[in-house]
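Student: I have a structure I would like to understand better, so I am pasting it below and will then ask my questions one at a time.
The values are calculated or read from the model by the stated rules, or taken from the named source; none is laboratory data. Quantities reported herein were computed from a predicted structural model and do not represent experimental measurements. Ideal geometry is used to build each Cβ from the backbone, glycine not excepted, and the neighbour counts take in all protein chains shown. Each accessible area value is taken on the protein alone, full model and side chains, heavy atoms only, with ligands, DNA and RNA left out. Shrake-Rupley method; radii C 1.70, N 1.55, O 1.52, S 1.80 Å.
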Amino acid sequence: MDDNCIKVKQACVTYKTKTGRIEALCDINLSVRDNEFVSILGPSGCGKTTLLKVIGGLINPSNGKVQIKGKSVEVIRKNREIGFVFQNPALLPWRTVWGNVYLPLEIIGINPSSRGEIDNRIMKMLELVGLSGFKDNHPHELSGGMQQRVAIARALIFNPSILLMDEPFGALDEITRDRLNLELLRVWENMKHTVIFVTHSIREAVLLSDRIVVLSKRPGKIVSILEVNLPRPRKTSSRYTEEFLSIAKEAHRLLDNDR
Amino acid sequence: MIAKISLSLIKKHLPSLLTLIFLLLLWQWLVDILKIPGYILPSPLEIISEIIQKKQYLIRHSLITLIEILTGFALGMLIAFIISLGILYSKIMEKVIYPLLIFTQVTPKIAIAPLFLIWFGYGLLPKIVVTALVAFFPIIINTVKGLKSIDMELADLMYSLSATKRQILNKIRIPSSLPYVFAGLKVSISLSVIGAIVGEFVGADRGLGYIIMISNANLETAQVFACLIILSIMGVGLFLAICLIESLYSWQKSAEFII
């Protein structure tokens, strides 16, 4: 039995614009294992987000295909196995934190007789992301980092097997970002889903990932895939180890060569 | 509680209140000193005594105008909501209806109103139709904009959860459109007052517009002013009522509702 969870085969994406066709992604081949944490690293505009959206079934590739657990993305999406977190938390401003996390369960249609169970589940999730004291607050009362934690809780509440994250901490300051990186790892070690994480931060990619997919500038091609063999659980101090620095250096070199 | 609110209201609006009182005193003084005849410009005191004397009569006609305004506004709102949903879900509808809407708005209502007299007779109906015709346009423009103002990321999230169109409408589009809808309703309620009076000017035997016409013809200028004052109070009252409803039901607090 093949333990590859996500398989991208020869995927290409071209956009039609007024001035002609733009090739966003070119010949992407990628396999991601179950429970693996994979980052997609590259300069802005290289098609990282496009690749993530192809994997999540939001964009159909012009060529090639994506399979998840041997099924088409369409089937996986309809089974609600994919959770999304974007750079913009995209919370509903009229709902409380609790209500925002509840939204996916509402959409999926959870049995209303188990109201107490739902409340338990949401409170557990809020606890996991460190927001149990804020369940009745509205998004505008929270900081950017807290809003993003709500978005993570919302993405995980329905137990998706795959979590797709598109620069989720890109808009946050470095201190908050570093803290949330570690919290994300803690959540992931708790739930063990497969994560694909788009970022343009080398430090973030190295700290979080099992493997880093380095993309070239447009049209995005895979330059290299780096293995990160830092021991887990990773801590703040992991950032200052020899291995960390050598992987970061290598990622830097790959991105620089591409210029 | 109410006493506290009204006290803070008075405090807040004291400067404008004082200015108003000063202007009224100036008006009274000028009319007295220049001996301006009442049929050209009645003094504030004359107008007030006119209102008190003809209280019954004025209230009766005010109620008729109020009914026209409210019914026309409600009808306009209903039509606007239905058309907005049509425009939201059908590209063809959008292409066909938008130009037509603009036609109905650039044609002066005062020029169409006589036609309604022919079609709908002499009663309340032609006034209600004119009112609805001026009321619905700002609501449509704002509602359509509000319903379409959904975050790209939120739309992606809903798609990844396989949400139905109805769920997206009820849980995302309608709540997020509320601030826009109320902005439209506020413009619309002010226009509705004008619409009802226009309808009455063209041909009526009841209502404040009718009284303004006949008092003007008979040089009963104080009565004209009495009607104008009632109309403006009615207009402000209706506007504040919308603001109050907004502060109760919309998640975004109205900027105009100042306490």
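Student: Where a Cα-Cα gap under 18 Å defines reach, which lysines qualify for A:K9, not counting those fewer than 8 residues away within the same chain?
Tutor: Within reach: A:K48, A:K53, A:K65, A:K69, A:K71, A:K221.
Student: Another question about this same structure. With viscosity set to 0.890 mPa s at 25 °C, what whole-number translational diffusion coefficient in µm²/s follows for the range B:33-133 from Stokes-Einstein and a Kirkwood radius over Cα pairs?
Tutor: In µm²/s, the coefficient rounds to 143.
Student: Also: Within straight cross-link reach of B:K165, meaning Cα distance under 17 Å, which aspartates and glutamates are found once same-chain residues fewer than 8 apart are removed?
Tutor: B:K165 reaches A:E106, B:D151, B:E153, B:D156.
Student: Using per-residue counts of other Cβ atoms within 10 Å, averaged over each peptide, order B:19-26, B:170-177 from highest down.
Tutor: With the highest mean Cβ count within 10 Å placed first, the list reads B:170-177, B:19-26.
Student: Same structure again: What's the average, rounded to a whole number, of partner chain beta-carbon atoms within 10 Å of each residue's beta-carbon in B:149-157? Walk me through the numbers before you get to the answer.
Tutor: Working: counts 0, 1, 6, 3, 9, 7, 2, 8, 12.
Whole-number average of other-chain Cβ neighbours for B:149-157 is 5.
Student: Sticking with this one: Helix B:125-148: angle to the longest alpha-carbon principal axis of chain B, degrees 0 to 90, nearest 10?
Tutor: The angle comes out at about 40 degrees.
Student: Apply the Karplus curve 6.51 cos²θ - 1.76 cosθ + 1.60, θ = phi - 60°, to the phi angles in the range B:157-163 and return the couplings in whole Hz, x for Gly and Pro.
Tutor: Using θ = phi - 60°, the values come out as 4, 4, 5, 5, 8, 6, 5 Hz.
Student: Which three lengths, in whole Å and largest first, does the range A:113-259 cover when its Cα atoms are put on their principal axes?
Tutor: Computed over the Cα atoms, the extents are 57, 34, 28 Å.
Student: Can you send over the solvent-accessible area of B:K145, 1.4 Å probe, protein chains only, in Å² to the nearest 10?
Tutor: 130
Student: Right, something else. Spelling out what I want: for every residue of the range A:170-183, take phi, set θ = phi - 60°, compute 6.51 cos²θ - 1.76 cosθ + 1.60 (Karplus), and round to whole Hz; glycine and proline get x.
Tutor: Values, residue by residue: x, 9, 9, 5, 4, 5, 5, 4, 4, 5, 5, 4, 5, 5 Hz.
Student: Stokes-Einstein at 10 °C, 1.306 mPa s, Kirkwood radius from Cα pairs: D for the protein assembly as shown in µm² s⁻¹?
Tutor: In µm²/s, the coefficient rounds to 57.
Student: Quick one: what are the phi-derived ³J(HN,Hα) couplings along the range B:106-116, Karplus 6.51/-1.76/1.60 with θ = phi - 60°, whole Hz, x for glycine and proline?
Tutor: 7, 6, x, 4, 5, 7, 8, 3, x, 4, 4
Student: Next question, about the same structure. Collect residues whose amide H, placed 1.01 Å from N in the peptide plane, falls under 5 Å from the amide H of A:V195; neighbours closer than 5 in sequence don't count.
Tutor: A:E36, A:F37, A:V38, A:L163
Student: Of A:S62, A:S246, A:S201, which has the largest mean-square fluctuation in a 10 Å C-alpha GNM of chain A?
Tutor: Checking each option, the largest mean-square fluctuation is seen for A:S246.
Student: Cα axis of helix B:174-202 to longest principal axis of chain B: angle in degrees, 0 to 90, nearest 10?
Tutor: The helix B:174-202 is inclined about 40 degrees to chain B.
Student: Something else: Taking H placed 1.01 Å from N in the peptide plane, check which residues at least 5 places from A:C5 or on another chain put their amide H under 5 Å from its amide H.
Tutor: Counting only residues 5 or more places away or on other chains, the set is A:V32, A:R33, A:D34.
Student: Here's a follow-up. Compute from the Cα atoms of the range A:62-193 the Rg and the Dmax, the latter being the longest Cα-Cα distance, and quote both in angstrom.
Tutor: 15.3, 47
Student: State the answer as a single residue: which of B:A113, B:I59, B:L169 lies farthest towards the positive end of the charge dipole of chain B, with beta carbon charges of +1 for Lys and Arg and -1 for Asp and Glu, about the Cα centre.
Tutor: Looking along the dipole axis, the top candidate is B:L169.
Student: Per residue, how much accessible surface does the range A:195-249 expose to a 1.4 Å probe? Answer in Å², no decimals.
Tutor: Numbers: 2510 Å² over 55 residues.
That works out to 46 Å² per residue.
Student: Starting at 0 and stepping by 10 Å, how many percent of the alpha carbon pairs of the range B:4-71 end up in each bin?
Tutor: Using 10 Å bins, I get a P(r) of 17, 26, 33, 23, 1 for the range B:4-71.
Student: Then there is this: Using a 10 Å cut-off on Cβ atoms, rank the peptides B:197-204, B:212-219, B:79-86 from the highest mean neighbour count down.
Tutor: Values: B:197-204: 23.1, B:212-219: 14.5, B:79-86: 18.4.
Highest to lowest by the protection proxy: B:197-204, B:79-86, B:212-219.
Student: Based on alpha-carbon centroids, what's the gap between the range A:166-227 and the range A:68-128 in Å, whole number please?
Tutor: Taking the Cα centre of the range A:68-128 as reference, the centre of the range A:166-227 is 22 Å away.
Student: Apply the Kirkwood formula to chain B: the hydrodynamic radius equals the inverse of the mean of 1/r over all pairs of different alpha-carbon atoms; give it in Å with one decimal.
Tutor: With all distinct Cα pairs of chain B included, I get 21.1 Å.
Student: For the Cα atoms of chain A, what angle does the longest principal axis make with the long axis of helix A:97-108, in degrees from 0 to 90, nearest 10?
Tutor: Approximately 80 degrees, to the nearest 10.
Student: In debye, nearest 20, what is the charge dipole magnitude of the protein assembly as shown about its Cα centre with +1 on Lys and Arg Cβ and -1 on Asp and Glu Cβ, if you could check?
Tutor: Computed charge dipole of the protein assembly as shown: roughly 780 debye.
Student: Seen from all sides and averaged, what is the projected area of the convex hull of the Cα atoms in chain A, in nm²?
Tutor: Mean shadow area of the hull around the Cα atoms is 15.2 nm².
Student: Rounded, prolate or oblate: pick one for the range A:36-104, where a ≥ b ≥ c are the square roots of the eigenvalues of its C-alpha gyration tensor, a/c under 1.5 means rounded, and failing that, prolate if a/b is larger than b/c, else oblate.
Tutor: In terms of gyration-tensor shape, oblate.
Student: Determine the distance separating the Cα centre of the range B:21-60 from the Cα centre of the range B:172-239; give it in Å without decimals.
Tutor: Between the Cα centre of the range B:21-60 and that of the range B:172-239, the gap is 21 Å.
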